[in-house]
1. Once the Cα atoms of the chain are picked out, what are the Rg and Dmax in Å?
2. Could you pull the Cα extents of the range 29-72 along its three principal axes, largest to smallest, in whole Å?
3. Divide by every residue of the chain the summed helix terms, -39500 (n - 2.57) for each DSSP H run of at least 4, and state the resulting mean residue ellipticity at 222 nm, rounded to the nearest 500 deg cm²/dmol.
4. Mind listing the long-range amide H neighbours of Q11? Cut-off is under 5 Å, sequence gap 5 or more, other chains count too, H placed in the peptide plane at 1.01 Å from N.
Amino acid sequence: MPKEFKLQHEQDVCIGCGACVAVAPDFWVMNEDGKAEIVNGKHISQNLQELELDEIGPNKEAAEVCPVNCIHIYEKGKKKI
């Protein structure tokens, strides 16, 4: 059964501010390039990561605090953030 939410991250847009890591450390880490990365996220293209979730949890806040809006949340296929 597909998950209700998809979390996406555009790594090429990310500026590495760490706001997502600060509000959702169980889901986000900083990689060796100084950019954020989704924990257990799957690379669906060179610069796009995705993670399917049953609940969005603190990732809503992570998307809202991102200064460059590179975190996107989809619910049942429709973009929420």
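Please treat every number below as a calculation from the coordinates, not as lab data. All figures in this text were calculated on a predicted structure; none of them were measured in a lab.
1. Cα-based Rg and Dmax for the chain come out at 11.4, 35 Å.
2. Extents along the principal axes: 25, 23, 16 Å.
3. Values: 2 runs with 12 residues, N = 81.
When only DSSP H runs of four or more count, the value is -3500 deg cm²/dmol.
4. L48, Q49
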